[in-house]
Amino acid sequence: MMKLCQVIVHATLALGVITLAQAESSNANLQYNASRWDPIHFKPAIDSASNEQCLTCHQEIIDRKVLERSPAGLLPEDALAWYQTLDTYEGEQDTFHRRHLMSDYAKEVMDLRCNTCHQGNDPREETANSSANGDTALTQRKHVDPTLCLMCHGQYDAQIMGVPPGDWRETGNLFNFDCLTCHAAIRTHRHQVNFLKPQAIEDAAQSRKDVCFGCHGGRAWYDIPFPYPRHAWPSAGPEIPDWAKNRPTESTARFLATPN
Amino acid sequence: MAMKLDEEKKAKVKLAVKRRKKEVYTPVIPDTQLGFVHNNVDCIGCRACEIACKDKNGLPAGPRFRRVQYVEGGSYPEVYAYKVNISCNHCAKPACLPACPTGAIFKRQKDGIVDIDSTLCIGCRRCEATCPYGAPQYDPEEGIVKKCNLCVDEIDAGRKPYCVMGCMMRVLDLVDINQLRQGVYDTKAIAPHETPVRAVKNFADPTLTNPSIAFIPHSKGKVE
């Protein structure tokens, strides 16, 4: 009798424990799903979100570092990519996010925020366009539209600049590798957007020759140049070259707003 | 055996590399280029290709080399639904490859396959970020990135990749991308009256990397 009692008590206790664990995990599950579908991941809330708000849940974006060694034993400190031979590159191998948000150079010339790049994602397919009422402006299978990256990772457009064709790293010696030879006077209305630090860029370019090239061909992983807006500048002539006929004359509106 | 450099020499090498500084990236131009074709209209979205792929590559929950996307829209009575099915597009000018700092990603001269040796991956996730089509997949358990290699072992054995073999509707196929684009390749994925296109709605701009893929678009998924 005693024994049976104990069994029952144990069973009840065990059951109790199981129910509690189940409740806890379903609660966690609920929280997880509620967070995934948090309005902050969608328009319009994402437009006014601050980095701090995103980081309350996504701190790992900042905390995560590269592995100490690759599975085959390769050490990050033994690797140096071709684009990391620019004179602006400092420090150890780091993650994609940290290079844009945390590196000294990134902080010197840019002021990127989560929502400069992230414009929302659809959790149903972890991407765009999975339902009739989803956000249709998003890119398939991506959280971020790659044409945004193209602004700083496109090809150097030698053709329109009237410089010899080919890579600046080879042809730039004609100009002492200094873009400002021409750009001290040409297209001087530049970088007036909320994710760049225009004055800091000009200052940095005085002492480091790769500053301008870095964002305009030196880290190009895409096959094309970015079609930049063409702002009027003081010494600009009246005629518009053919290649510029369809260009906007102002930066994209969302980059002009003052960020919160 | 390669000589092992001590700390001081290593620093010197790094400085020398920096000073030389004329590092230019030269893309691989393959002899031929393999590429997929997917029929967006006839695909029924069963995801057999996705499962065949996960099986072949032993993938845990999370990373998906191939992904079938359901696109739905319209309002009654004019509703529509179609599928877009993408893995890695083994681009003519891949963005992942030049971004990789360790040389883990490479493109095969023979057939243009873009492969990754994940044992050299340090988990910086640059390839994942630079790829316009969401191909490289981060495996959070191992902290490294993996991706579709077109079942390179199957290719070398003269067969098609698992996703193509698993497709019961025959809407997915793989062959020399030029034959696909010129319409000279006979495949069940393309009906006689259909013409393959380079991109569909919401697919990232194909001029970024020239992806080796062709679609048979749905009327609502056409661009241009």
One residue from B:ALA81, B:ALA52 being farther than 30 Å from A:GLU90 by Cα, hydrophobic (A, V, I, L, M, F, W, C) and within 13 Å of chain A (Cβ to nearest Cβ):
B:ALA81
What are the pairs, 6+ residues apart or on separate chains, where a residue within the stretch B:93-122 that is within 11 Å of chain A (Cβ to nearest Cβ) and farther than 26 Å from B:ARG159 by Cα has its Cβ under 9 Å from a residue that is surrounded by fewer than 20 Cβ atoms within 10 Å (Cβ to Cβ) and basic (Lys, Arg)?
B:CYS121/B:LYS146; B:ILE122/A:ARG69
Extreme residue, surrounded by the fewest Cβ atoms within 10 Å (Cβ to Cβ), among residues of the stretch A:84-103 that are within 16 Å of the chain's Cα centre (by Cα) and under 23 Å from A:GLN199 (Cβ atoms):
A:MET102
Quick one: would you say B:GLY62 is out of contact with any Pro (no Cβ under 7 Å at 6 or more places or on another chain), surrounded by fewer than 23 Cβ atoms within 10 Å (Cβ to Cβ) and within 11 Å of chain A (Cβ to nearest Cβ)?
no
When the residues of the stretch A:169-188 are narrowed to those that are among the aliphatic types (A, V, I, L, M) and more than 27 Å from the chain's Cα centre (by Cα), which ends up farthest from the other protein chains (Cβ to nearest Cβ)?
A:ALA185
Within the stretch A:150-159, does at least one residue satisfy the condition of being surrounded by 15 or more Cβ atoms within 10 Å (Cβ to Cβ), without any contact (Cβ under 8 Å) to a residue 40 or more places away in the chain and out of contact with any Leu (no Cβ under 7 Å at 6 or more places or on another chain)?
yes
Residues in the stretch B:195-209: is at least one among the charged types (D, E, K, R), surrounded by fewer than 21 Cβ atoms within 10 Å (Cβ to Cβ) and more than 30 Å from A:GLY154 (Cβ to Cβ)?
no
Residue, surrounded by the fewest Cβ atoms within 10 Å (Cβ to Cβ), within the stretch A:69-83, restricted to residues that are out of contact with any Cys (no Cβ under 6 Å at 6 or more places or on another chain) and within 7 Å of another protein chain (Cβ to nearest Cβ):
A:ALA72
Among the residues of the stretch B:54-81, how many are in contact with a helix residue (DSSP H, G or I) (Cβ under 8 Å, 6 or more places away or on another chain), within 22 Å of B:PRO217 (Cα to Cα) and assigned to a loop (DSSP other than H, G, I, E, B)?
2
When you scan the stretch B:168-176, do you find a residue that is surrounded by 15 or more Cβ atoms within 10 Å (Cβ to Cβ), farther than 27 Å from B:ALA95 by Cβ and more than 18 Å from the chain's Cα centre (by Cα), even just one?
yes
If I filter the stretch A:137-168 down to residues being polar (S, T, N, Q) and not in a helix (DSSP H, G or I), which single residue comes out as farthest from the other protein chains (Cβ to nearest Cβ)?
A:GLN155
Mind telling me which of the residues B:ASP139, B:ASP115, B:ASP173 ends up being closer than 26 Å to A:GLU92 by Cα, of a type in the set (Asp, Glu) and touching a helix residue (DSSP H, G or I) at 6+ places or on another chain (Cβ under 7 Å)?
B:ASP115
So the helices (runs of 4 or more DSSP H) completely within the stretch B:138-224 holding 1 or more residues that are out of contact with any Leu (no Cβ under 9 Å at 6 or more places or on another chain) and free of Cβ contacts under 8 Å to residues at least 12 places away in the same chain are B:152-156, B:177-182
Contact list please: Cβ distance under 6 Å, first residue in the stretch A:25-45 and surrounded by fewer than 10 Cβ atoms within 10 Å (Cβ to Cβ), second residue at pLDDT 90 or above, pairs at least six apart or on different chains.
none
Of everything in the stretch A:169-188, what is assigned to a loop (DSSP other than H, G, I, E, B) and of a type in the set (Lys, Arg)? Give them in sequence order.
A:ARG187
Just to be sure I understand, how many residues within the stretch A:233-260 are part of a loop (DSSP other than H, G, I, E, B), at pLDDT 95 or above and of a type in the set (Gly, Ala, Ser)?
1
Just to be sure, is A:GLU202 assigned to a helix (DSSP H, G or I), acidic (Asp, Glu) and crowded, with 18+ Cβ neighbours inside 10 Å?
yes
In the stretch A:205-224, what residues are under 18 Å from the mean Cα position of the chain (by Cα) and part of a loop (DSSP other than H, G, I, E, B)?
A:ARG219, A:ALA220, A:TRP221, A:TYR222
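The values are calculated or read from the model by the stated rules, or taken from the named source; none is laboratory data. The model shown is predicted, which means the values in this text are computed figures rather than measured ones. A quick note on method: Cβ atoms are made from the backbone with ideal geometry, for glycine too, and the neighbour counts reach across all protein chains shown.
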